[in-house]
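The values are calculated or read from the model by the stated rules, or taken from the named source; none is laboratory data. Computed from a predicted structure; not experimentally measured. Neighbour counts run over all protein chains shown; Cβ positions are idealised from the backbone, glycine included. Only protein heavy atoms, including side chains, enter the accessible area calculation; ligands, DNA and RNA are left aside. Shrake-Rupley method; radii C 1.70, N 1.55, O 1.52, S 1.80 Å.
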Amino acid sequence: MPARTVLILQHVEVEKPGMILDALDGSGLDVEIRNLIDLPAASADDLPPVSDLAGLVVMGGPMNADDLAGHPALKVERNLLADALRHEVPTLGACLGAQLLDARAAAPALRPLAEQGLSHLRALFRAHADR
């Protein structure tokens, strides 16, 4: 039986998956939202195995993606992201989630000096070859 759940990891209340939920509405998939960041002893047992996931979304937050000492749950999330990549689970990272994702994909993101908020995006020429 195929996996039917999209897991969304949310780090702070204001970083909600609004439009992502809209996109998933009517897909027939179950959506589960979890926040591990406030669990002092977060572990892999707090998350479903990737074999149970039809997709994984990791939302943003103000914490530094490399602050594993200050936010131990980020290590658990990084490990889940690595498993998701290995098992080819469709995965989306937004802001902090993208930084955690690229840390697992061995493609380090450029870290801004400060929170950027909304900004304009442009495709690089080499991005047109991406699939």
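Please list, ordered by first then second residue, the pairs with beta carbon atoms under 6 Å, 6 or more apart or interchain, first in the stretch 2-31 and more than 18 Å from residue 60 (Cβ to Cβ), second surrounded by fewer than 16 Cβ atoms within 10 Å (Cβ to Cβ) and of a type in the set (Ser, Thr, Tyr).
30/5
For the stretch 30-89, which residues satisfy the criterion of being of a type outside the set (A, V, I, L, M, F, W, C), farther than 20 Å from residue 105 by Cβ and open to solvent by less than 30 Å² (accessible area, probe 1.4 Å)?
48, the sole residue that qualifies.
For the stretch 1-29, give me each residue that is surrounded by fewer than 17 Cβ atoms within 10 Å (Cβ to Cβ), part of a loop (DSSP other than H, G, I, E, B) and among the hydrophobic types (A, V, I, L, M, F, W, C).
1, 12, 14, 29, listed by residue number.
Is it the case, given these coordinates, that residue 66 is in a helix (DSSP H, G or I) and over 13 Å from the mean Cα position of the chain (by Cα)? Quick ask: steps written out before the conclusion?
Working: in a helix (DSSP H, G or I): no; over 13 Å from the mean Cα position of the chain (by Cα): yes.
When the stated conditions are applied, residue 66 does not pass them.
Condition first: in a loop (DSSP other than H, G, I, E, B) and under 21 Å from residue 3 (Cα atoms). Now tell me which residues in the stretch 36-47 satisfy that.
Step one: list which residues in the stretch 36-47 are in a loop (DSSP other than H, G, I, E, B), which gives 36-43, 47.
Passing the criteria: only 47.
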